[in-house]
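The values are calculated or read from the model by the stated rules, or taken from the named source; none is laboratory data. As the structure is a prediction and not an experimental result, all values here were calculated from the model. Neighbour counts are summed over all protein chains in view; Cβ atoms, including those assigned to glycine, are modelled from backbone coordinates with ideal geometry.
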Amino acid sequence: MADVPRRILVVNGKGGCGKTTVATNLAAMLARGFRSPDGRHSGPRQVSLIDHDPQASSSYWASQRSSELPPIHVIPAHQRTGMYQTQAFAFRIPFDTDDVIIDAHSNTRDRDLESLLKQSDIVLVPILASPIDIRAGGSFITELLTHRIFRAAPRPVGVIANRVQPNSETALKLQHFLQCLDVPNVATFRDTGAYHEGMERGCGICELPPSRTTRREYAEWRALVRWIDDQPLGNTRSSSGIRSMPLAANRRNEPGTSIRA
Ligand SMILES: Nc1ncnc2c1ncn2[C@@H]1O[C@H](COP(=O)(O)OP(=O)(O)O)[C@@H](O)[C@H]1O
Ligand SMILES: [Mg+2]
C-alpha cells in the first residue's frame, strides 16, 4: 500500500473522446498488474475510480464487472450527497488505495478544472482523430497548460490518440498536431469493437480473451502504464494539497459501489 495514493486525472472538455474508456481500462490494468517484455513487474494495486460524469459510465462499467476480476472501488462523485453528509465524507477513498483514477465529465472547464487539477498528480488527455476533436483538444490543452494551478505546480501531461485508423488522413493529421504540441503522445489506441465489449462486460482490454486485436492494444496499455510509473510526483504533493482529496474511508464498500472479488 502506498503512503499517499497516486492521482491520475483523465480529462478533456470534449465528450466522446474516450475519457471513460481510458479511465476504466487503466483501472483494470493497474488492479491486475502485469509483467513487461523487458521483465519489469508491476504488481497488482488497489484502485479507486472516481466517476464525475453525470452519465455514470464508469459506474455502469463497474456494475458489470465480474466478482472474479480484481476489485475496483468506484466513487460516484456525480451523485448528490444526502442532506446530512458532506461530500468529503461521502466520497472518501478507502485507506488502502494505491491509485486514484479520476474520470472527469465532458465540459470540464474553469472551476471544475481547477478543482480536478488540484487533486491530480498526472493528467491524461484522450483526443480522437477527427478534425473537430483535434481543434477542441488543442484549445483544451492550451487552457490546461496555462491554468494558474498548473503553472504553480506543473505536473506530467500525456496525450492519448484514441480511435485511430492507421494510415488514414485524420490519423496523419493527429500525428502532425501531436508533434507540434509541447506534450508527449503517450499512447495510441485503435478504433476497435473490443472497447465496446470491455465496457459491456466491466473489464479492460487486458481482461478480454486474447486475440490479435486485444494483444496489440494490450501492448500499448503496458507502454502507457510504464510512462505513468516513470513520472515524478513531487511537484503536486507539496504545493497543491494532497489534503484536498476525499478523505480515506475506514472500510471499502461504503458508500461507493465497491466491486470486489
Ligand atoms: N478506441 C476505441 N475504439 C472503439 N470505440 C471506442 C474507443 N474509445 C472509445 N470508444 C467508444 O466511444 C464511445 C465514447 O467513449 P467514452 O470513453 O465514453 O468517451 P467520454 O468518456 O470521453 O465521453 C463509447 O461508446 C466507447 O465505447
Ligand atoms: Mg465518460
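Worth pointing out:
- Members of the stretch 85-111 that are among the hydrophobic types (A, V, I, L, M, F, W, C) and either in contact with a Pro (Cβ under 8 Å, 6 or more places away or on another chain) or more than 16 Å from ligand 1 (Cβ to nearest atom) (or both): Ala88, Phe89, Ala90, Phe91, Ile93, Phe95, Val100
- Selection of the stretch 6-30 for residues being surrounded by fewer than 24 Cβ atoms within 10 Å (Cβ to Cβ) and more than 16 Å from ligand 1 (Cβ to nearest atom) yields only Arg6.
- You will find that of Phe95, Phe91, the residue that is surrounded by fewer than 18 Cβ atoms within 10 Å (Cβ to Cβ) and among the aromatic types (Phe, Trp, Tyr) is Phe95 and no other.
- Filter pass, Ser42 being surrounded by 13 or more Cβ atoms within 10 Å (Cβ to Cβ), closer than 20 Å to Leu208 by Cα and small (Gly, Ala, Ser): yes
- Within the stretch 64-88, the residues that satisfy the criterion of being crowded, with 20+ Cβ neighbours inside 10 Å and among the β-branched types (Val, Ile, Thr) are Ile72, Val74, Ile75.
- Residue that is small (Gly, Ala, Ser) and in contact with a strand residue (DSSP E or B) (Cβ under 8 Å, 6 or more places away or on another chain), where the choices are Gly198, Gly204, Gly158: Gly158
- Any hit, the stretch 11-20, residues being touching a Cys at 6+ places or on another chain (Cβ under 8 Å) and either part of a loop (DSSP other than H, G, I, E, B) or away from ligand 2 (no atom under 16 Å from the Cβ) (or both): no
- For the stretch 33-49, a residue qualifies if it is in contact with a helix residue (DSSP H, G or I) (Cβ under 8 Å, 6 or more places away or on another chain) and not in a loop (DSSP other than H, G, I, E, B), and the qualifying residues are Phe34, Ser42, Val47, Leu49.
- Verdict on Gly82 being on the phi > 0 side of the Ramachandran plot, away from ligand 1 (no atom under 16 Å from the Cβ) and not in a helix (DSSP H, G or I): no
Let's see how each residue does on (1) modelled with pLDDT under 95; (2) among the aromatic types (Phe, Trp, Tyr); (3) more than 16 Å from ligand 2 (Cβ to nearest atom):
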residue: Arg32; (1), (2), (3): no, no, yes
residue: His41; (1), (2), (3): yes, no, yes
residue: Ile50; (1), (2), (3): no, no, no
residue: Ser59; (1), (2), (3): no, no, no
residue: Arg65; (1), (2), (3): no, no, yes
residue: Val74; (1), (2), (3): no, no, no
